[in-house]
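Only one structure is covered here, and it is reproduced in the block below.
The values are calculated or read from the model by the stated rules, or taken from the named source; none is laboratory data. Just so it is clear, the model here is predicted, and its values are computed rather than measured. We place every Cβ from the backbone using ideal geometry, glycine too, and count neighbours over all the protein chains shown. Protein only, heavy atoms only, side chains kept; ligands, DNA and RNA dropped before computing areas. Shrake-Rupley method; radii C 1.70, N 1.55, O 1.52, S 1.80 Å.
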Amino acid sequence: MAIAIAASLGGNPIGAWVIPRSFLIEADGKLRIVVAADSSDRWTLLRTACGSLAELAGFPQVERSLELALIDLQRICGEQSPTIANIATALRVPVEDLQALVLDGTSHLSDHTAVVTVLAVVDTGVAEELRDRREPFDGRDDLRTWLADRNVDADRILTLADEDDLHSMIDKLGVSLAAANVGFRATGLTPLHNRDGHARQFSAYLQQHRAEIHDKLRDRYLAVAERGEPLTDYLRLRDLPDLGPDPKWLDRYWDLSESVLDKHVAGWLDRVSPEPASTTERLPSVKELRDAGHRTAIRATVAARTMVEAWLHRSATSSTQRPREPEAVAAAMASDGSMDFRRLTQAHVIRWLHAHQQWPETMPRETALMNLTEQDLANARERLTRATELQHQASTVTFYGAKKFGHDAVETQAFVDEVRSDVPAEVLATPPQPIALPAAPPGNPGRSGTAGTGGGWRAPTAPPEVTARVGLAGEILVGEWIQHQFGYPPETTWKSRYRRTRFPEDGDDGLGYDFLVNAQDKRILIEVKATVDATLQIALGESEVRRAQTLAADEEYLIAFVTHALDPARRRLHILPNPLAAGGFGFFRVTGRSMRLRFQLPPR
């Protein structure tokens, strides 16, 4: 009977009881690093291999420094693939020095590394032979002869290698990405993946098709809603959790086709939701039901608040269970799915209020049983107006064209609907590319603040409610324009707090932009600026300045400038370049002491 069993490789003990270690062995005439460890984690393996790596490089004394640098590198990039900038940070050296060192260390391969890459797609055997060759070629003709001797098209191989464009090379060779990646892996090269492109294309697809996906998801939960069962799973799935690009696509596809994405979404729906119902009933879209439901919820809640006040006053009773603000009720009903499965009526809203403790327990829910007169309701409206101090809002109106709108919930909804209607064709046809502004004249006269310069800024004199309506009108217009130009509905692109006027979700005014468009090749961040006239001046807030200055390589920041925002016939849209991009201030003048920028439009 054996008391213990010991295993070794090249005289080095290995096994589960041996602490993680690495060592060098010679195999097939080459030195190999072997790591003995009980973990397949890449960072653990790399740290374990530090000693052997240092020995192989001829500098065993740097083992500890290399291990510490790897710990820093793991902290910097986690599960992401390290970039040369990450490695430079971990080594505490300038990235330029590291790049120069890499180029110097591979100079002996500079004549044919790119050729190996092309050959990996054409003939892996020849690619491996060239990769392992140590003798330098006596010029390009010698390499061409070497290739021709191995029955490959030397001129074509060298031409493609000189172009140094892997994706273009694969296309020109007529080889699929999947086959090319097999060749790359076989020769020890990194596979060609379009990870960032997949992420952008998938985001663009979701932004364009989110409404359709929501409709299909809703249809699968229709039976659940009709049975009155909780909609917890449906509400969770409305955010499309765990729906992302398939990592398997990276090896197979450079660009994601519509059919591939459609199939992927269909598979996700099958995995996470019930089987689609076999009913022949065709519900309106979720968007249509929510738009109508939002209006109904606001009107019904305004009426319900009046009825509750009238009934309590006439009954000489009190109750804390009263309807909340109409906007809050509408948002809550949209959030809990109440608008997604049917057209709302006033009776639905009252039942919802009762179920959510916003209706007096002893008060009837049928209007016929309340026995309220028109005078009861009129008196109740007057009391509510006084109690909630709405006199100021009632006296403050916004004129949109010739129409007058108050600032309560019902009037706000009517204002939104009016702005959305009849958007001028000229506005919708505005190209999404920024216009070429003429260079700004020298000097910043606005900084002096003196009168008569024409550049000084004056504080707005309109009431804040009207000023807010100007901004809202501008954003509504831009939302319609984005849908016309890109095909993405406002519910997927609108990010500011004004989105709450149409959709249940809160927006965020701290993002530094109002709309986000995920195009196939880039992310477009759009900040909206609106004015009641044609004054060519914009103001940038702190978050907008910060975001316009910190763009990723695939991001573009644009200003959507709306003139005559409250005049339905004269309103126009101008797409301005990012003033904080390189050279941007050549087209703007700073006015005043804040980030207020004056500009000129090109002549028509």
Those residues of segment 139-172 which are in contact with a Leu (Cβ under 8 Å, 6 or more places away or on another chain), open to solvent by 40 Å² or more (accessible area, probe 1.4 Å) and in contact (Cβ under 8 Å) with a residue 40 or more places away in the chain amount to Leu166, His167
Given (1) in contact (Cβ under 8 Å) with a residue 24 or more places away in the chain; (2) within 28 Å of Ile298 (Cα to Cα); (3) exposed (fewer than 15 other Cβ atoms within 10 Å of the Cβ), index of the condition Pro464 fails = (1)
Please determine, by comparing only the residues of segment 160-184 that are of a type outside the set (A, V, I, L, M, F, W, C), in contact with a helix residue (DSSP H, G or I) (Cβ under 9 Å, 6 or more places away or on another chain) and in a helix (DSSP H, G or I), which one is nearest to Ala148 (Cα to Cα).
-> Asp162
Filter segment 339-387 down to residues that are in a helix (DSSP H, G or I) and of a type in the set (Asp, Glu) and give me whichever is least open to solvent (accessible area, probe 1.4 Å).
-> Asp376
Could you tell me which residue of segment 33-65 is least open to solvent (accessible area, probe 1.4 Å), considering only residues that are acidic (Asp, Glu) and either part of a strand (DSSP E or B) or in contact (Cβ under 8 Å) with a residue 12 or more places away in the chain (or both)?
-> Glu63
Here are Ala292, Ala330, Ala277, Ala266: which of them is in a helix (DSSP H, G or I), touching a helix residue (DSSP H, G or I) at 6+ places or on another chain (Cβ under 7 Å) and of a type in the set (Gly, Ala, Ser)?
-> Ala330
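Here is a yes/no grid of residues against (1) at pLDDT below 95; (2) more than 21 Å from Arg210 (Cα to Cα):
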{"site": "Asp246", "(1), (2)": "no, no"}
{"site": "Leu250", "(1), (2)": "no, yes"}
{"site": "Gly267", "(1), (2)": "no, no"}
{"site": "Asp270", "(1), (2)": "no, no"}
{"site": "Pro276", "(1), (2)": "yes, no"}
Can you name the residue in segment 376-411 that is modelled with pLDDT of 90 or more and among the polar types (S, T, N, Q) and, of all such residues, is farthest from Arg324 (Cα to Cα)?
-> Thr398
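A quick yes/no check of all residues on (1) farther than 20 Å from Asn518 by Cα; (2) in contact with a Lys or Arg (Cβ under 7 Å, 6 or more places away or on another chain); (3) not polar (S, T, N, Q):
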| site | (1), (2), (3) |
| --- | --- |
| Glu465 | yes, no, yes |
| Ile476 | no, yes, yes |
| Gly479 | no, no, yes |
| Gln483 | no, no, no |
| Trp494 | no, no, yes |
Just give me the residues in segment 18-62 being modelled with pLDDT of 80 or more and closer than 21 Å to Asp132 by Cα, in sequence order.
-> Leu24, Ile25, Arg32, Ile33, Val34, Leu53
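Any idea how many residues of segment 301-338 are under 30 Å from the mean Cα position of the chain (by Cα), closer than 21 Å to Glu411 by Cα and either open to solvent by less than 10 Å² (accessible area, probe 1.4 Å) or among the charged types (D, E, K, R) (or both)?
Keep residues of segment 301-338 that are under 30 Å from the mean Cα position of the chain (by Cα), which gives 327-338.
Applying the additional criterion that residues be closer than 21 Å to Glu411 by Cα yields 327-334.
From what's left, either open to solvent by less than 10 Å² (accessible area, probe 1.4 Å) or among the charged types (D, E, K, R) (or both): 327, 329-331, 333-334.
The number of residues fulfilling the criteria is 6.
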Here the qualifying pairs (Cβ atoms under 7 Å; residues six or more apart or on different chains; first in segment 311-331 and within 13 Å of Gln358 (Cβ to Cβ) and β-branched (Val, Ile, Thr); second open to solvent by less than 50 Å² (accessible area, probe 1.4 Å) and not in a loop (DSSP other than H, G, I, E, B)) come out as Val329/Ala297; Val329/Thr301
Looking at segment 124-138, which of its residues are within 26 Å of Tyr253 (Cα to Cα) and open to solvent by 60 Å² or more (accessible area, probe 1.4 Å)?
-> Glu128
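Tally time: how many residues in segment 73-84 are in a helix (DSSP H, G or I) and either loosely packed, with under 13 Cβ neighbours inside 10 Å or more than 27 Å from the chain's Cα centre (by Cα) (or both)? Step through it out loud before you land on a result.
Just the residues of segment 73-84 that are in a helix (DSSP H, G or I), to begin with: 73-77, 84.
Then drop every residue that is not either loosely packed, with under 13 Cβ neighbours inside 10 Å or more than 27 Å from the chain's Cα centre (by Cα) (or both), which leaves 73, 75, 84.
Adding up the residues that qualify gives 3.
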What are the residue pairs meeting all of these: first residue in segment 82-98, first residue closer than 14 Å to Ala69 by Cβ, second residue open to solvent by less than 50 Å² (accessible area, probe 1.4 Å) and of a type in the set (D, E, K, R), Cβ atoms under 7 Å, and 6 or more apart or on different chains?
-> Ala90/Asp72
Selection within segment 467-510 - surrounded by 17 or more Cβ atoms within 10 Å (Cβ to Cβ), not polar (S, T, N, Q) and not in a helix (DSSP H, G or I) = Tyr488, Pro489, Trp494, Lys495, Arg502, Phe503, Pro504, Gly507
For segment 526-548, state whether one or more residues are farther than 15 Å from Phe599 by Cβ, touching a Lys or Arg at 6+ places or on another chain (Cβ under 7 Å) and either without any contact (Cβ under 8 Å) to a residue 40 or more places away in the chain or not small (Gly, Ala, Ser) (or both).
-> no
If only one of Glu374, Glu361, Glu382 is farther than 23 Å from Asp408 by Cα and among the charged types (D, E, K, R), which one is it?
-> Glu361
Report yes if some residue within segment 202-213 is in a helix (DSSP H, G or I), touching an Asp or Glu at 6+ places or on another chain (Cβ under 8 Å) and either β-branched (Val, Ile, Thr) or open to solvent by 20 Å² or more (accessible area, probe 1.4 Å) (or both); otherwise report no.
-> yes
Failed condition for Asp242, given (1) touching a helix residue (DSSP H, G or I) at 6+ places or on another chain (Cβ under 9 Å); (2) under 30 Å from Arg195 (Cβ atoms); (3) at pLDDT 95 or above | (3)
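Of the residues Leu551, Leu580, Leu558, Leu566, only one is in contact with a strand residue (DSSP E or B) (Cβ under 8 Å, 6 or more places away or on another chain) and either surrounded by fewer than 15 Cβ atoms within 10 Å (Cβ to Cβ) or not in a loop (DSSP other than H, G, I, E, B) (or both); which? First the steps, then the outcome.
Values: Leu551 fails: either surrounded by fewer than 15 Cβ atoms within 10 Å (Cβ to Cβ) or not in a loop (DSSP other than H, G, I, E, B) (or both); Leu580 fails: either surrounded by fewer than 15 Cβ atoms within 10 Å (Cβ to Cβ) or not in a loop (DSSP other than H, G, I, E, B) (or both); Leu566 fails: either surrounded by fewer than 15 Cβ atoms within 10 Å (Cβ to Cβ) or not in a loop (DSSP other than H, G, I, E, B) (or both).
It is Leu558.
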